[in-house]
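Undergrad: Attaching a single structure in structure tokens format; questions to follow.
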Amino acid sequence: MRSRSIGTRVLVGRVEIPAPARALLTDWQREIVEQLALEPGDVEPLNLHRARLRWPDHRLCVQAVADWTRGNGLQDVLASGEKALMACRGAHYHHDAERYGANAFCNLFVSEDKGLDLHFPALGRRIPLERGTVVVFDTGQPHGVVDRHAPGFSADDFPGTRDRTAVFLTWELPIEDAALAQALGTRFDVDADTAARLAEPQLLHHGVRRELCAESGRWR
């Protein structure tokens, strides 16, 4: 098992993509309510295959992100990434390193601005989410989706009376891609001895495995 640091840089941009058709939005909302039953803070996959049948502009979205990543010096890294369609009703603070430690994420948000930010508390960065927002980040970097005017995550900010779900395409990118690792500031083999003794992936904070507070994004 290879050790690495957590990249401290986030790539952010905005691309022009068409608004999803009303029929597609209705289908997503039905799936979110009837099948996913999203609670505040949940992040779950939508059926991408079914969505593409009603989404002729899907290819334009993919092309826009591919052009943007190339423009940021990442060549054709997007072509090697596994793609999914996701929905979230906000998102508790979390990291994804223990499951996706070999990856970075590239997210394209396709829903309209609903007053939500993607927040990286350790970096002090808040990114307003609107249609066309593109973000590339290290899976080990703690993050959450929160109300734009709130200091952290609260379930009260996501009442059932309001539609505060965000839909986004996501790609799992290989973190060992040299251009990607350089762009995010990820270094490898920083603690090879410890990695060699591990039986499963872990994220260590100052040498200790800790939990992340789901409401504040702080280590505990």
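Derivation of every value follows stated rules applied to the coordinates shown; laboratory data play no part. Keep in mind that this is a model prediction, so the values were computed, not measured. FYI the Cβ positions are ideal-geometry reconstructions off the backbone, even for glycines, and counts take in every protein chain you see.
Undergrad: In nm, to one decimal, how far is the modelled label at Arg9 from the one at Arg220, with both set 7 Å along Cα→Cβ?
TA: If labels sit at Arg9 and Arg220, their model points lie 3.4 nm apart.
Undergrad: Follow-up. When only DSSP loop residues count, what GluC sites (Glu not before Pro) in region 113-220 have their Cβ near at most 16 other Cβ atoms within 10 Å?
TA: Numbers: sites: Glu130, Glu172, Glu176, Glu211, Glu215; in loops: Glu130, Glu176, Glu211, Glu215.
Passing sites in region 113-220 are Glu130, Glu176, Glu211, Glu215.
Undergrad: Please give me, ordered by residue number, the GluC sites (Glu not before Pro) of region 62-116 that lie in loop per DSSP and have at most 16 other Cβ atoms within 10 Å.
TA: Hits after loop and neighbour filter: Glu112.
Undergrad: How far is helix 22-31 tilted, in degrees, relative to the longest principal axis of the Cα atoms in the chain, given as a value from 0 to 90 rounded to the nearest 10?
TA: With rounding to tens, the tilt is 60 degrees.
Undergrad: Let me make sure I get this right: for region 154-220, a, b and c are the square roots of the gyration tensor eigenvalues over alpha carbons, sorted descending. Under 1.5 in a/c it's rounded, otherwise prolate if a/b > b/c, else oblate. Which is it? Walk me through the numbers on the way to the answer.
TA: Values: a/c = 3.05, a/b = 1.59, b/c = 1.92.
Oblate is the answer for region 154-220, as a/c is 1.5 or above yet b/c matches or exceeds a/b.
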